[in-house]
Protein chains: 2
Amino acid sequence: MKFINFDNDPSLLPDEFFMKEALKEAHIALRLDEVPIGALVVSNGRVIGRGHNLTEQLNDVTAHAEMQAFTAAANFLGAKYLKDCTLYVTIEPCVMCAGASYWTQIGRIVFGAYDKQRGFTQLKQRITHPKTEIIGGIQEIECGNLVQEFFRRKRNKS
Amino acid sequence: MKFINFDNDPSLLPDEFFMKEALKEAHIALRLDEVPIGALVVSNGRVIGRGHNLTEQLNDVTAHAEMQAFTAAANFLGAKYLKDCTLYVTIEPCVMCAGASYWTQIGRIVFGAYDKQRGFTQLKQRITHPKTEIIGGIQEIECGNLVQEFFRRKRNKS
């Protein structure tokens with residue numbers, strides 16, 4: 001067994017590590033009674049932007065986790081483009097967020113659970129940047145269950 | 001000839017009137033050396049949200065005119081949805097902004113010049129809300145020329 005010392009080279013941290021961090025953001029949203037979705041932007045093994053869904057708090061249907069993580073990362077870098085960065089998000093981005101990722105030219109998008117209704121991979125045409133690598137299904141069950149449980153509770157309350 | 005008194009019923013104001021207002025926003029962007037695109041959200045003949053492209057000023061590639069007009073309108077209304085509103089925007093929305101309009105459930109989108117490269121109507125599948133009416137080509141030449149002239153000058157400088 002090969003031991004990897006992540007402390008020495010944080011860029012070696014696996015996608016699962018950062019998805020767990022994105023899930024922490026989703027849990028913050030949950031405590032605010034928001035649809036529990038969280039996102040991170042990571043550059044060279046460092047988290048440079050975080051976000052969680054705030055559509056209710058901000059009364060703004062565009063306040064998705066990814067949009068906030070993109071803006072935070074650009075602020076951190078002082079640069080507009082996120083070419084060498086990875087977006088981690090617990091649920092597959094919607095068309096708006098995938099469209100935003102095009103403009104950021106982000107290097108990778110890693111998402112948890114697929115969204116069969118509003119996920120951008122439902123489109124037949126590519127809307128992300130040609131250079132963006134897409135990876136879906138990382139910690140899919142945990143990420144998906146969090147949202148499904150949220151909506152189940154909402155239905156039972158009403 | 002029928003005389004329409006717009007003062008008595010501002011909801012009768014034509015699309016051209018509001019596109020001229022959106023062009024004023026585009027000119028504000030131009031003065032800031034931003035790609036000159038402007039947007040308004042109008043409800044019952046009243047402007048309830050304005051925005052112009054601020055991607056350079058805010059160092060944020062998602063800071064499109066439409067995104068800001070949506071957020072401003074939702075703030076004004078204190079409501080998340082813009083069902084009875086119209087978005088006026090000088091250039092055809094991109095995929096991100098059209099994706100955002102889905103979440104707002106906006107009633108109408110009226111745009112000026114078509115964007116053959118990044119405009120959302122280039123996609124074969126509908127990404128706007130099923131109830132959103134789309135009208136393109138209002139004051140197309142003036143809206144388009146403003147952006148073309150901006151890029152022509154940029155090219156000549158470099």
Sorted by average packing, counted as other Cβ atoms within 10 angstrom per residue and highest first, what order do B:68-77, A:28-37 take?
B:68-77, A:28-37
Can you give the direction-averaged projected area of the convex hull of the alpha-carbon atoms in the stretch A:38-119, in nm²?
5.0
With one decimal in nm and the nearest listed first, the spacings from B:Phe151 to its own position in the other copies, using label points 7 Å along Cα-to-Cβ, are 3.9
Nearest-first distances (nm) between copies at B:Gly78, label 7 Å from Cα via Cβ
4.2
With the label set 7 Å along Cα→Cβ, B:Ile135 is separated from its counterparts in the other copies, in nm and shortest first, by 4.8
So, over other residues within a Cβ distance under 14 Å of A:Gln122, counting Lys, Arg +1 and Asp, Glu -1, the net charge is +4
Rounded to the nearest 10, the angle in degrees between the Cα long axis of helix B:140-157 and the longest principal axis of the Cα atoms of chain B comes to 20
So, with +1 on the Cβ of K and R and -1 on the Cβ of D and E, and no other charges, what is the size of the charge dipole of the protein assembly as shown about its Cα centre, to the nearest 20 debye?
420
Over chain A, relative contact order from alpha-carbon pairs under 8 Å, at least 6 apart, %:
19
Using every alpha carbon pair in the stretch A:15-158, what percent of pairs falls into each 10 Å bin from 0 up to the bin containing the largest distance?
13, 46, 33, 6, 1
So how strong a dipole does the stretch A:1-146 carry about its Cα centre when Lys and Arg Cβ are +1 and Asp and Glu Cβ are -1, to the nearest 20 debye?
460
Compute, for the stretch B:17-86, the length of the dipole vector about the Cα centre, with Cβ point charges of +1 (Lys, Arg) and -1 (Asp, Glu) only. Units Debye, rounded to 20.
340
The protein assembly as shown - convex hull of alpha carbons, volume per residue in Å³:
160
Pairs to check: A:Lys80/A:Lys131; A:Lys157/B:Lys83; A:Lys154/B:Lys80; A:Lys80/B:Lys124. Give those whose C-alpha atoms are more than 21 Å from each other in this structure.
A:Lys157/B:Lys83; A:Lys80/B:Lys124
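Throughout, read-outs are computed from the coordinates displayed, never taken from laboratory work. Note that the structure is predicted; figures quoted are calculated from it, not measured. No Cβ is skipped: glycine too gets one built from the backbone with ideal geometry, and neighbour counts run over all protein chains shown.
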